[in-house]
2 protein chains.
Amino acid sequence: MIRDAYILTLNARNDIFEKGSVIVEDDKINFVGKAERIKEKDGAFEKVIDAGSNIIMPGLIDTHVHLAQALLRSIVPDDVRLIEWLKNWVWPLQGSFDKEDGQVSAQLCMLEMLRSGTTAFVESLLHTRYGFDGIAGVALKSGMRAVLSKAVMDIPGYAGQKDVIHPGMVEDRDESLNEFKRMHAKWNGAGAGRIQVWLGPRTPGACSESLYRTVAQIAREYTAGVTMHLAEVKEDLEYFSSLKTSPGEFVNRLGLTGSRRIFAHCVWLSEDDMRVFAKTGTSVAHCPSSNMKLGSGIAPVSEMLRLGVNVCLGCDGGPSNDDYDMIREVKLAVLLQKGINLNPNALTAVEALRMATVNGAKALGLENQIGSIEVGKKADLIIVDPRRPHLFPNINPISNIVYSATGADVRSVMIDGKLVMEDNQVLTLDEDSILKAASDKAEKLLHKSGKR
Amino acid sequence: MIRDAYILTLNARNDIFEKGSVIVEDDKINFVGKAERIKEKDGAFEKVIDAGSNIIMPGLIDTHVHLAQALLRSIVPDDVRLIEWLKNWVWPLQGSFDKEDGQVSAQLCMLEMLRSGTTAFVESLLHTRYGFDGIAGVALKSGMRAVLSKAVMDIPGYAGQKDVIHPGMVEDRDESLNEFKRMHAKWNGAGAGRIQVWLGPRTPGACSESLYRTVAQIAREYTAGVTMHLAEVKEDLEYFSSLKTSPGEFVNRLGLTGSRRIFAHCVWLSEDDMRVFAKTGTSVAHCPSSNMKLGSGIAPVSEMLRLGVNVCLGCDGGPSNDDYDMIREVKLAVLLQKGINLNPNALTAVEALRMATVNGAKALGLENQIGSIEVGKKADLIIVDPRRPHLFPNINPISNIVYSATGADVRSVMIDGKLVMEDNQVLTLDEDSILKAASDKAEKLLHKSGKR
């Protein structure tokens, strides 16, 4: 039982309870609200957390993450356009990964996500060389809710450019699909359902149309989700033009739209594309930091939301952001839409916060299980400590969370009813050894890849 | 002496020293660099700080702050355009301030600035009712380097709209100028020169041309700086058009350009305006969060820098940002220019960091005294603790500071050779009592102003 909390439920009415309580039984929430008399019954609870007026809110859901990029932070140069950035830096470095690099990068990434209040994430593109079993093991141990998508490809290209992918990253069609099937059999549903295995076809130019159709078919067969990069940079749009199609029409025709289908970035969608996504219940993972840093552009989020698209949020990767802090990402998302539309109403604080919670849950097909603090839902929640100068006064906690807080203000994290961080101590991962390993592996990676 | 530090000097060559030392004597730096043998001489130093590979960098300089808005955080609604935001919320609330509100808001603001590594700031618009002596006293006690500008006005209007300013905020010409003179006599140069008193004429529409001319003349007479809001929203531009002039031409004609002249926002400058500012050595305080949140627009920072304007950075106010964290502001500034220009080279990490340090120092006329870590300069520096998951690996510390860090990673702060924060404890201000007072005053302010 958590008592004396300022609860942001993010339920359909965005109810807020001051001096409220949350009762968790096993993995689920069985009470939310004002409970003045609960104190008398403290003895009835296994554990009582006195929140001391701290803010409780749903755990954040990062719908576009590259676990294997945490280790590349501050290694890759900052001022490079997406395609060169991939070709000259990210791919050569990741193409030199061994399974230990994959595991350490995943540990570092999950450590940062937990510390900043992310409770669930979608890893969009795991190559076989990163070592799926090791990474899934880290997800299991961390306590996080994880979607792990197997990279699928049959062309070593990108948006019409051929042979651009580093040889270390190339997989063929059968190899990537078979690895998905093996992974799915071994890991899907592990951790009492915390882990899902999805398909992560590479972006257009790296997969044939026939492979996309096969992916759509396998996804139906396995009831697996699909996630993919789409229309991230202007070059993508030019590629679709050369095929006489548009991003939304392309993926819709190949059977890749619908529920549990997440397209990352979508900076360059047409209004028709947005209508297709809205109609089919397809989700968009908006990644504002990454799109800005790589000079890709600014996704038309306000317009997508207005047209009914389920837009959620993602931090993307280590060197494209360079943090995995969803609270900071929410602020950037809301500021960007107000700024580019010259309209302070273009996106509101609560809409942006819902993108990072409720909409994320919907994208994962878990809208009945996570994303808000409601009776019957899984207990995926975070406690934010507002006793910091930048969170005073605290008359409107939603405003303070969105505009003033960062992930560093998160004090405790509960996932599936289990505390995984308590009073700033991560309980499931060994922070000191992970940080040491990350430094060592990063140095070795620079040498292995010939970048130092 | 601080040893074993990763020093980002931000000198003209942006030198970085790994395992470097900084020696401070009185208020000045007298050694920076590699000093392997200094350890043997520990006894020669009054105090030795082992930085343990922490990052040392120049203190951040916030060139556009409203101290009296910290208390308005989370009180003012988030989704309102600048002029309504001022008219219906900020002015009525500030128009109800008494001197205690002014003092508590200043304490809260300086506490947050210190905690996040800001060592010097420009307060742009102090009304007499906020109580100048109390606020200057807080600045003195905090240990910060402060420019305090006296609001000057003679029309209760804004950009052609008449009588929009709350009656509580109205001052007349003589009242505001006399208060400047009194303040200047009493406080300019206090704290061994840490405090400067400047003139803060209100934005066009709130001052007559004759008053601006008088301000320019008094500034010369007192060798005082001048700071003013300029071309923040499109409505400002329309106002200048109605006067058949442009923002840069207007202030230049009235004698308000030059060294120690800072114009905040400048979202809507023409290229000619920028050339005027470049030629006259006039500074621009870019406030990206505020401009985005209020839907004001995005200042053309890359273009200004290319044309030679001294662009620095500001966090602006409590409810327009809503934080006073310059490290976060640096990241937003750099991301915005890359994003809107579709060019990852539009602004680099080190350029943005220089805006927040070296350029800020220049704007204050203190380029020979602060802004970088160099022998002979004042010891205004901060220590950032990189042992956090989001700062690993740390191959490129400039990249990590700009893209991954926040103010929460600042561990210690030195100003004028004195430690004002050490190991996350602010030494000069009483944090607990300030936070308590801020909550109390905010509640009372809501009632006093009729907003609750």
Quickly work out the B:Asp432-to-A:Lys244 label distance, labels modelled 7 Å from Cα along the C-beta direction, and quote it in nm with one decimal.
7.5
Rounded to a whole %, the carbon-and-sulfur portion of the accessible area of the protein assembly as shown at a 1.4 Å probe is 48
Given Cα pairs under 8 Å that are at least 6 residues apart, what percent is the relative contact order of the stretch A:18-141?
28
From the phi angles alone, apply the Karplus equation (6.51, -1.76, 1.60; θ = phi - 60°) to the stretch B:344-361 and give each ³J(HN,Hα) in whole Hz, x where the residue is Gly or Pro.
x, 9, 4, 8, 9, 4, 6, 4, 5, 5, 5, 4, 7, 9, 4, 5, x, 4
Work through the residues other than A:Arg182 whose Cβ is under 13 Å from its Cβ and net out their charges, Lys, Arg +1 and Asp, Glu -1.
-1
Trypsin sites (Lys or Arg not before Pro), restricted to the stretch B:155-186: which are DSSP loop and have at most 10 other Cβ atoms within 10 Å?
B:Lys162
For the pair A and B, the solvent-accessible area buried on both sides (1.4 Å probe; DNA, RNA and ligands excluded), in Å² to the nearest hundred, is 4800
Can you run phi through the Karplus equation (6.51, -1.76, 1.60; θ = phi - 60°) for the stretch A:371-377 and list ³J(HN,Hα) in whole Hz, with x for Gly and Pro?
x, 8, 9, 9, 4, x, 7
Test item: Cα-centred dipole of chain B, Lys/Arg +1 and Asp/Glu -1 on Cβ, debye
500
Where both partners of a DSSP beta bridge lie in the stretch A:60-363, what percent of those bridges are antiparallel, to the nearest 5?
5
With the 1.4 Å probe rolled over protein heavy atoms, the stretch A:60-363 has an accessible area per residue in Å² of 27
Counting alpha carbon pairs within less than 8 Å and at least 6 residues apart, what relative contact order, in whole percent, applies to chain B?
21
Within chain B, which DSSP H helices have Cα atoms that stretch 18 Å or more along the helix axis and a mean Kyte-Doolittle hydropathy of at least 0.5?
B:326-340
Can you list residues whose amide H is under 5 Å from B:Glu25's amide H, if they're 5+ apart or on another chain and H is modeled 1.01 Å from N?
B:Asn30
Calculate one ³J(HN,Hα) per residue across the stretch B:11-24 by plugging θ = phi - 60° into the Karplus curve 6.51 cos²θ - 1.76 cosθ + 1.60, and present them in order as whole Hz with x for glycine and proline.
6, 4, 9, 6, 4, 10, 10, 7, 6, x, 10, 10, 10, 10
In the structure displayed, which of B:Lys28/B:Lys186; B:Lys99/B:Lys448; A:Lys338/B:Lys162; A:Lys162/A:Lys234 lie more than 20 Å apart, Cα to Cα?
B:Lys28/B:Lys186; A:Lys338/B:Lys162
Just to be sure I understand: of the beta bridges DSSP finds with both ends in the protein assembly as shown, what percent are antiparallel, rounded to 5?
40
Out-of-range pairs (alpha-carbon distance over 24 Å; input A:Lys34/A:Lys378; A:Lys19/A:Lys418; B:Lys244/B:Lys293; A:Lys47/A:Lys377; A:Lys331/A:Lys362):
B:Lys244/B:Lys293
Sites A:Ala185 and A:Arg213, calculated FRET efficiency, Cβ-Cβ separation with R0 30 Å, nearest 0.05
0.85
Could you please state, rounded to a whole Å, how far the C-alpha centre of the stretch B:337-361 is from the C-alpha centre of the stretch B:244-289?
19
Sequence-distant residues sharing a close amide H with B:Cys312 (under 5 Å, placed H):
B:Val284, B:Ala285, B:His286
Longest segment of chain B with no GluC sites (Glu not before Pro) in a DSSP loop having at most 14 other Cβ atoms within 10 Å?
B:47-452
Once R0 is set to 60 Å, what does the formula 1/(1 + (r/R0)^6) return for the Cβ-Cβ distance between B:Arg452 and B:Glu18, expressed as a FRET efficiency to the nearest 0.05?
0.65
Theoretical ellipticity at 222 nm over chain B - DSSP helices of four or more residues, -39500 (n - 2.57) apiece, nearest 500:
-9500 deg cm²/dmol
Summed residue charge, Cβ within 13 Å of B:Arg411's Cβ, Lys/Arg positive, Asp/Glu negative
-2
Within 10 Å of each Cβ of A:6-13, how many other protein chain Cβ atoms are there on average?
0
Counting only other residues whose beta carbon sits under 10 Å from that of B:Pro386, what net charge do I get with K and R as +1, D and E as -1?
+1
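The values are calculated or read from the model by the stated rules, or taken from the named source; none is laboratory data. Predicted model only: the values in this text are computed from it and were never measured. Ideal geometry is used to build each Cβ from the backbone, glycine not excepted, and the neighbour counts take in all protein chains shown. Heavy atoms of the whole protein, side chains included, go into the accessibility calculation; ligands, DNA and RNA do not. Shrake-Rupley method; radii C 1.70, N 1.55, O 1.52, S 1.80 Å.
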